[in-house]
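The values are calculated or read from the model by the stated rules, or taken from the named source; none is laboratory data. Quick caveat, the model's predicted, so the values are computed rather than measured. Neighbour counts are summed over all protein chains in view; Cβ atoms, including those assigned to glycine, are modelled from backbone coordinates with ideal geometry.
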Amino acid sequence: MCGIVGYVGKRNILEVLISGIKHLEYRGYDSSGIAVLKNNKIFRHRVVGKVFQMESSLPKEFFSNLKTTESVYVGIAHTRWATHGKPSEENAHPHVDCNENFVIVHNGIIENFLELKLKLKNHKFSSETDTEVIIHLIEENYNGSLLEAIKQTIKLLEGSYAFVLISRYQPQKLFFARKDSPLVIGVAEKENFIASDVTAMLKYTNKFLFLENYDYGEISFCEIKIFNLKSENVQHRNINVINWNSQMVEKSGFKHFMLKEIYEQPQVLRENISSRVFGEKIIFNEEIKFKDQMLKKIDKILLIGCGTSYHTAVVCKYFFEHILRVSIEVDIASEFRYRDLILKKNTLAIFISQSGETADTLASLRIVKENKIPTLGVCNVIGSSLYREADSCIYIKCGPEIGVASTKAFTGQLICLYLFGLYIAKIKQTISSNRYLEILNYLYKTPTYIEHILSDTSYIKQLAEKFYTKRDFLYLARGINYPIALEGSLKLKEISYIHAEGYPAGEMKHGPIALIDKDMPVVIIATKGSLLQKVFSNLEEVKSRDAKVIALTNYGIESKSIDYKIVLPETDELVSPIINVVPLQLLAYYIADILGCEIDQPRNLAKSVTVE
Ligand code: AGP
């Protein structure tokens, strides 16, 4: 997945483009490039490495006669996460046609690019990328109208694309098209922007047009024209005002975005609770378009997601089973989409995705929609594909999550789905009023409990110092905290590159216990709950194999087999995952920080996997 930015206007175009793709580096950062059109000549520069390396190596002709405030410039920039062709200068975007009349940046995968390339034998290619095929097709189809050339080109493309291009033939316009990869236009006075997501443009505007599949068009400094392959008419797209400020996409004094986002969790939870809970009543307003009688008839819920969002789904399986007493099925989206599904009526399918752009999750959504099953999205990006395509969508109001390792979005997803579960339980009357209020009360307390954990992280830092050299970790838990063992192990492995596995504690005897020795730290969740005694038995098993045991517990829970106790505020067993995950986020963060890892941009990873 890559980040793309375009600008047309009178600002310092280098500053706008470079600042923009710096805010998109979480989407990919193995190479980057920029192209500006000046005096009807295309200036292009590409490097392997991060945006700052591209910026610091810009040739001086980029800066010469860049008269700001009097001339309108157009330019595009790109930060790459390699899919076709290794990270190299030749494969870095932007790419040009044979005569350098057109230059393009692209995010997505053109699945039929090799077949199309065969039709372009008279063109000279300089990269291994699928993107280059697009720009040569546009060159091939160009007969005086660039819009028509784009229209003819996108009819041939299979797969996903979001591209922006500029041309010497139209020196004051940006051109664009999108399908299945996100693309947003930033609207301002006498200037316009386009990018993969809003964070690249928040510094300049908070008004955005979210493009839809098969949209294409052109943008000048004063006009935006949108067309769609499915219609002959000019398209209208509503302007969305996003109340995120540019400060929110900065680190605000934290060493890493991930740490900032861990500390934002209490505020995120309060925002989500206070905007939906009024006394004993939970109100979702326009987020939930389903009628109460439809929800009352629901007898099966599907929960689908990837990575951390899948872990959210697993936590909610336990929670929904308890309070709704209906059948719950969870699955990883990349598996779900290829199954021989049996979808029945009175099913509600819930798709969880922070970015709202994860390809497998979107593909699963579209399959379920084709089967006329009601769909609910849970995501953090207004205007994202999931936000627009699901029948209803709960916006988790976390603000931009920049760190690749998801933290505040995880707890944000949980709090929103817990409230939604209680909302349905009230309609279905599947729990008593007392139990409803008891759970709601514990949810109210959760931000304060998390603040308590964040108020003193010194012990977790000490544990990180003690264990950062270890090469394997095991995370164990039972019941509703089993997915927290999965999430804690994912956090550690994705930012520190240390191997870690989450396992149901009861599964130890079926194999994993063979791994345990004195060099393997075992993190076990032993907080108050109906299975605590079972967890203690598992604790004995691992201790008798000389493991070093780090336990998450509550005040008053004692065991001589625990070597290191992280004592947490006691809460309802069902609510405990939202609290128990926080020390595991911190443990992973501090270990990775000691190791000097690229915490916000871990190797090989991107923030949103918009390709299969
Ligand atoms: C989580 O820390 C990872 N970055 C990753 O597993 C992520 O949760 C997954 O790719 C799903 O992303 P989404 O929530 O945007 O769909």
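Just give me the residues in the range 427-452 being β-branched (Val, Ile, Thr) and out of contact with any Pro (no Cβ under 9 Å at 6 or more places or on another chain), in sequence order.
Residues of the range 427-452 β-branched (Val, Ile, Thr): 427, 430-431, 439, 446, 448, 450.
Answer for the range 427-452, where residues must be β-branched (Val, Ile, Thr) and out of contact with any Pro (no Cβ under 9 Å at 6 or more places or on another chain): Ile427, Thr430, Ile431, Ile439.
Just for helices (runs of 4 or more DSSP H) wholly inside the range 281-362: which have at least 1 residues that are within 16 Å of the ligand (Cβ to nearest atom) and either surrounded by fewer than 18 Cβ atoms within 10 Å (Cβ to Cβ) or of a type outside the set (Asp, Glu) (or both)? If you could, list the steps in order and put the result at the bottom.
On the way: elements: 292-297, 307-324, 333-336.
Helices (runs of 4 or more DSSP H) meeting the threshold: 307-324, 333-336.
Is it the case that the range 480-503 has a residue that's within 16 Å of the ligand (Cβ to nearest atom), at pLDDT 95 or above, assigned to a helix (DSSP H, G or I) and in contact with a Ser or Thr (Cβ under 7 Å, 6 or more places away or on another chain)?
Within the range 480-503, one or more residues are within 16 Å of the ligand (Cβ to nearest atom), at pLDDT 95 or above, assigned to a helix (DSSP H, G or I) and in contact with a Ser or Thr (Cβ under 7 Å, 6 or more places away or on another chain).
Do we find a residue being surrounded by fewer than 23 Cβ atoms within 10 Å (Cβ to Cβ) and over 26 Å from Leu414 (Cβ atoms) anywhere in the range 601-608?
Checked the range 601-608: at least one residue is surrounded by fewer than 23 Cβ atoms within 10 Å (Cβ to Cβ) and over 26 Å from Leu414 (Cβ atoms).
Looking at Glu90, Glu100, which one is of a type in the set (Asp, Glu), part of a loop (DSSP other than H, G, I, E, B) and under 29 Å from the mean Cα position of the chain (by Cα)? If you could, list the steps in order and put the result at the bottom.
Numbers: Glu100 fails: under 29 Å from the mean Cα position of the chain (by Cα).
Step by step, each of Glu90, Glu100 is checked, and only Glu90 is of a type in the set (Asp, Glu), part of a loop (DSSP other than H, G, I, E, B) and under 29 Å from the mean Cα position of the chain (by Cα).
Can you list residue pairs whose Cβ atoms sit under 6 Å apart, with the first residue in the range 230-244 being within 23 Å of Tyr204 (Cβ to Cβ) and the second being modelled with pLDDT of 85 or more and of a type in the set (Lys, Arg)? Count only pairs 6 or more apart in sequence or on different chains.
Ile239/Lys207; Val241/Lys207
Looking at the range 44-65 only, could you name the residues that are part of a helix (DSSP H, G or I), within 17 Å of Gly3 (Cα to Cα) and of a type in the set (D, E, K, R)? Walk me through how you get there before you give the answer.
Of the range 44-65, the ones part of a helix (DSSP H, G or I) are 51-56, 60-62.
So of that shortlist, the ones also within 17 Å of Gly3 (Cα to Cα) come out as 51-55.
Matches in the range 44-65: Glu55 only.
Among the residues of the range 1-27, count how many are part of a strand (DSSP E or B) and of a type in the set (Val, Ile, Thr). Step through it out loud before you land on a result.
Residues of the range 1-27 that are part of a strand (DSSP E or B), as a first pass: 3-9.
Next cut, of a type in the set (Val, Ile, Thr) only: 4-5, 8.
Adding up the residues that qualify gives 3.
Could you say whether any residue in the range 224-244 is of a type in the set (Phe, Trp, Tyr), out of contact with any His (no Cβ under 9 Å at 6 or more places or on another chain), crowded, with 18+ Cβ neighbours inside 10 Å and assigned to a helix (DSSP H, G or I)?
Filtering the range 224-244 for residues of a type in the set (Phe, Trp, Tyr) gives 227, 244.
Narrowing the set further to residues that are out of contact with any His (no Cβ under 9 Å at 6 or more places or on another chain) leaves 227, 244.
Then drop every residue that is not crowded, with 18+ Cβ neighbours inside 10 Å, which leaves 227.
Within this subset, residues satisfying the condition of being assigned to a helix (DSSP H, G or I) are none.
No, that holds for no residue.
Taking Tyr468 as the residue in question, decide whether it is in contact (Cβ under 8 Å) with a residue 12 or more places away in the chain and surrounded by fewer than 22 Cβ atoms within 10 Å (Cβ to Cβ). Reasoning before the result, please.
Working: in contact (Cβ under 8 Å) with a residue 12 or more places away in the chain: yes; surrounded by fewer than 22 Cβ atoms within 10 Å (Cβ to Cβ): yes.
So Tyr468 passes the test.
Name, by its number, the condition in (1) crowded, with 23+ Cβ neighbours inside 10 Å; (2) over 24 Å from Asn243 (Cβ atoms) that does not hold for Ile185.
Single failed check for Ile185: (2).
For the range 399-436, name all the residues that are assigned to a loop (DSSP other than H, G, I, E, B) and either without any contact (Cβ under 8 Å) to a residue 24 or more places away in the chain or within 11 Å of the ligand (Cβ to nearest atom) (or both).
Residues of the range 399-436 assigned to a loop (DSSP other than H, G, I, E, B): 399-407, 429-432.
Within the range 399-436, Glu401, Gly403, Val404, Ala405, Ser406, Thr407, Gln429, Ser432 meet the criteria.
Run down Lys543, Lys528 and say which single residue is surrounded by 19 or more Cβ atoms within 10 Å (Cβ to Cβ), more than 30 Å from Cys2 (Cβ to Cβ) and either more than 30 Å from the chain's Cα centre (by Cα) or within 16 Å of the ligand (Cβ to nearest atom) (or both). It would help to see each step written out before you state the result.
Details: Lys528 fails: surrounded by 19 or more Cβ atoms within 10 Å (Cβ to Cβ).
From the options Lys543, Lys528, the qualifying one is Lys543.
Look at the range 180-217 and say how many of its residues are among the small types (Gly, Ala, Ser) and under 19 Å from Val609 (Cα atoms).
Kept after step one, since they are among the small types (Gly, Ala, Ser), are these residues of the range 180-217: 181, 186, 188, 195-196, 200, 217.
Subsequent filtering for residues that are under 19 Å from Val609 (Cα atoms) retains 181, 195-196, 200.
Matching residues across the range 180-217 total 4.
Scan the range 188-214 for residues that are buried (at least 24 other Cβ atoms within 10 Å of the Cβ), of a type outside the set (A, V, I, L, M, F, W, C) and assigned to a strand (DSSP E or B) and jot them down.
Answer for the range 188-214, where residues must be buried (at least 24 other Cβ atoms within 10 Å of the Cβ), of a type outside the set (A, V, I, L, M, F, W, C) and assigned to a strand (DSSP E or B): just Asn192.
What are the residues in the range 431-450 that are surrounded by 14 or more Cβ atoms within 10 Å (Cβ to Cβ) and within 19 Å of Pro583 (Cα to Cα), if any?
Within the range 431-450, Tyr442, Leu443, Lys445, Thr446, Pro447, Tyr449, Ile450 meet the criteria.
Consider the range 552-563. How many of its residues are within 15 Å of Gly529 (Cβ to Cβ) and either touching a helix residue (DSSP H, G or I) at 6+ places or on another chain (Cβ under 7 Å) or not in a strand (DSSP E or B) (or both)?
Our first condition is that a residue be within 15 Å of Gly529 (Cβ to Cβ); within the range 552-563, this holds for 552-557, 559.
Restricting the remaining residues to those that are either touching a helix residue (DSSP H, G or I) at 6+ places or on another chain (Cβ under 7 Å) or not in a strand (DSSP E or B) (or both) gives 552, 555-557, 559.
The number of residues fulfilling the criteria is 5.
With the structure loaded, tell me whether Leu37 is part of a helix (DSSP H, G or I), buried (at least 19 other Cβ atoms within 10 Å of the Cβ) and out of contact with any helix residue (DSSP H, G or I) (no Cβ under 8 Å at 6 or more places or on another chain) or whether it fails that test.
On the way: part of a helix (DSSP H, G or I): no; buried (at least 19 other Cβ atoms within 10 Å of the Cβ): yes; out of contact with any helix residue (DSSP H, G or I) (no Cβ under 8 Å at 6 or more places or on another chain): yes.
The answer is no for Leu37.
Mind listing whichever residues of the range 563-579 are within 19 Å of Ser458 (Cβ to Cβ) and surrounded by 19 or more Cβ atoms within 10 Å (Cβ to Cβ)?
So the first thing to find is which residues in the range 563-579 are within 19 Å of Ser458 (Cβ to Cβ), and the list is 563-569, 579.
Once the filter is applied, which keeps residues that are within 19 Å of Ser458 (Cβ to Cβ) and surrounded by 19 or more Cβ atoms within 10 Å (Cβ to Cβ), the range 563-579 yields Ile566, Leu568, Ile579.
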